[in-house]
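Contents: one structure, followed by commentary.
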Amino acid sequence: MELVIDRISKQYQNKIAVDRTSLTLHQGVCGLLGANGAGKTTLMRMLCGILKPTGGSVTLDGVDVSSEQYREKLGYLPQDFGYYPEFTGRDFLLYLAALKGLPKAAARRKAEKLLALVSLEHDADKKIKTYSGGMKQRLGIAQALLNDPELLVLDEPTAGLDPRERVRFRNLIAELGKRSIVLLSTHIVSDIVHIADTVLIMKEGQICFSGKWEKGEEELEAFYLELFGEETEHA
Amino acid sequence: MTADLEEQYYKIYRYCYFRLHDRQTAEDITQEAFLRYFEQEQSQAVERILPWLYTVARNLCMDEFRRQKLRPLEEAKERFLTETGVPAGAFPPAEASAEDFSPKRFPPERFSSGSAETESAIVARLDLQNALAKLPSDEQELLLLRYVNEVPVHIICRITGLSRFAVYRRLRHALKQLRLLLGKE
Amino acid sequence: MKKRNTGKKCRARAPHPPFSGRLAGKGKRRAALTAAFAGKETRRAALTAAFAPPPPLEADAFLRTLPRPEISHFSFLLLQAGYIRKWIWAASAALFLAALYLACLLPADDVWSLSTLLPFLALTAVAESARSGVYEMEELEMVSRFSLKNIVLARMELLGLFHGLAFLILIPLAARGVPETALHAEALLQSAACLLIPYLSTCAFGLWITRKLRGKEGLYACLGESVLTAAAAFSWHTSPVSPAYCGGTGPLLLILTGLTALTVLEYRKNLKETEELTWNLS
């Protein structure tokens, strides 16, 4: 399992959102840290094929990001997502499972398993509009896992989760990191320190740090401040 | 119709385990059967994949059986009972009832027998397993294929080489024997 | 047979007699098992329990390595058909039936009036094609195996087929509303123009609107646009100045071709947008 990002960039008319970034990721959890507007979401969207890079390429085990084969192995949780208003939690999962090509019986089984995993089994038949922010986020995490992805891209996944949910989520991610490549972006330093094997720090469209972080939370925070000279959020 | 590969994996695995009573080998053979199928065919239609998988699995099991020395029956039974999670020293059973066999308790896809079973269910299952063990193995195979894996009869005919008539006849005989054995217990 | 483990406590029961080689309650167990074999489902459950192996440990990892199942285009269409909102189908059907009624039962002079219904038929198609955008499901759908583009294509194919059939039925029927002409073909053309011009212009304009205006506002704008087109069709036919059916074959063909091309163009532009997130630049 290898995700190769080769000199990828995204340029808009008046701004360079991602500037010739190269990276290779293997199985495990990689945390992407950076302020808002640093280019994290743009980079992740390019890794999901939602944005087309203005330069460079992305391949997963040799498969290009624009192909159906790549999407078959991809699970994605966007920062914000909507839902069709008539959907219950279960409907939502079954719909997306069908779009991911799961046969009906497998879709039902997977949906049940994932609903239990994110503790939504009792709320699965309620309409999503009745869900709290944390519940909706958990549903989002569940849908990302439907096709048992090799590459999991999570954009600010812990936003909206209460501390207890956040701990459960961290354990879940650690488990997933044993079988897949997990890239998660956040601006919460403690998330990174607790679960990421590799840390990436992004600033103004470029990766300015990439590697393992063996020290503690305060050290990472201090390092981050040094790089940015700004306040970060503590969680 | 596309085959539900996950479900087929479990069913083939269950079948291989029945023949070999060894989890690792059963999984190896299941995977081998799938790999061989996909090397040849990209099609995913149930009608094509199913008889092929069973036939290949069956042949591989027979090869494996011949390759290993035939284990003494007792040792096999002991391993079977251990591997299926029977707790050593079962409590004296409470009343067993038909409830213990209600379909809700044993949904078809579940495999781990052990944690959620009541004592009575465990013992009832053991009784049934003992009774089953007394049947000839080809009848056991038919029971597994027909009632547990729910393989359509015409596919069973292709796998076993028996005629429809023979399959039904042996199934009836097997069920009759089971009822007798359970009654005599 | 199993020996009783005397080291373990019985749960609040009287102590049992020494193990005799038989387990207690055999008669009841016997009866239970025989009862279990009476019914198909219980028999199946009992046998499943008896044949249950230990859980397989490598299933997930292995299955991941297998090629994912292929789904035919037809199955995908069928799947999407189930997800097109019921009221869209209902509205399309209702509009079609109403148009049918008008085409068959009204006096020939009034048959043109069914052209006022057709902008709303076009609205159902536009609304469905824009649905993913309105409810912000686009990112998730884009990332799925079949991707947003295929979903929108499927929806349009389905509704397009339905509407296409509707027109195939309505156009010949509405031709009787055309004043006497020499050629049957010309009458058909007039009828087609009367029906398709409002429909296609609503489509083309509606697709343009949903591209420029995202979310629910876009849909309301489309609704407004449909009402305007219907009103325009109405006033065209009732105005004493303009003829009920305009001009010769030439201009009509030109207009129809032009509108069809425009609709196709707008549709393709919308499809292009589904390939990439173009509106959210944050």
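Around the Cα centre of the range C:81-272, unit charges on the Cβ atoms of Lys, Arg, Asp and Glu (plus for the first two, minus for the last two) sum to a dipole of about 620 debye.
Taking 7 Å steps out from each Cα toward its Cβ at residue A:206 and residue B:66 produces label points 6.8 nm apart. Net length available on complete extension from residue A:227 to residue A:68 is 53.4 nm, with 0.36 nm assigned per residue and the Cα-Cα distance removed. Using only side-chain charges placed at the Cβ, +1 for Lys and Arg and -1 for Asp and Glu, the dipole size of chain A relative to its Cα centre rounds to 920 debye.
Couplings 3J(HN,Hα) for the range C:130-139, derived from phi with the Karplus relation 6.51 cos²θ - 1.76 cosθ + 1.60 (θ = phi - 60°), are 8, 4, 4, x, 4, 9, 6, 9, 4, 4 Hz, where x marks Gly and Pro. Dividing the Cα radius of gyration of chain A by its Kirkwood radius returns 0.96 for Rg/Rh. Estimated at 0.36 nm per residue, the fully extended path between residue C:97 and residue C:260 surpasses their Cα-Cα distance by 56.3 nm. Rounded to the nearest angstrom and listed largest first, the equivalent-ellipsoid semi-axes of the range C:111-152 from its Cα gyration tensor are 31, 10, 4. Placing a pseudo-label 7 Å from each Cα along the Cα-to-Cβ vector at residue B:158 and residue B:177 gives an inter-label distance of 2.7 nm.
Over the range C:68-163, the alpha carbon radius of gyration divided by the compact-protein estimate 2.2 N^0.38 Å works out to 1.33.
For the range C:75-121, chymotrypsin sites (Phe, Trp or Tyr not before Pro) are listed when DSSP marks them as loop and at most 13 other Cβ atoms sit within 10 Å of their Cβ; the list is empty. Sorted fewest first by neighbouring Cβ atoms within 10 angstrom, C:222, B:157, B:16 come out as B:157, C:222, B:16.
On the basis of the beta-carbon distance and an R0 of 60 Å, residue A:127 and residue C:58 show a calculated FRET efficiency of 0.95.
Legend: calculated FRET efficiency, residue A:11 to residue C:176, from the Cβ-Cβ distance at R0 = 45 Å, rounded to 0.05, equals 0.15. Here is the P(r) of the range C:81-272: all C-alpha pair distances, binned every 5 Å from 0, give 1, 8, 15, 20, 20, 14, 10, 6, 3, 2, 1, 0 in whole percents.
Residue order for A:214, C:138, B:141, fewest other beta carbons within 10 angstrom first, comes to A:214, B:141, C:138. For the Cα atoms of chain A, what angle does the longest principal axis make with the long axis of helix A:163-177, in degrees from 0 to 90, nearest 10? On a 0 to 90 degree scale, this one is about 80. For a paramagnetic label modelled on residue A:52 (point 7 Å from Cα along Cα→Cβ), amide N atoms under 15 Å away belong, within the range A:1-17, to A:9-12. DSSP beta bridges confined to chain A are antiparallel in about 50 percent of cases. Rounded to the nearest 0.05, the FRET efficiency derived from the C-beta distance between residue C:168 and residue B:168 at R0 = 60 Å is 0.70.
Every number in this text was worked out from the coordinates using simple rules, so none of it is lab data. Every value quoted in this text rests on a predicted model; they were computed, and no experiment measured them. Because the Cβ atoms are built from the backbone with ideal geometry, glycine has one as well, and the counts that use them run over all protein chains shown.
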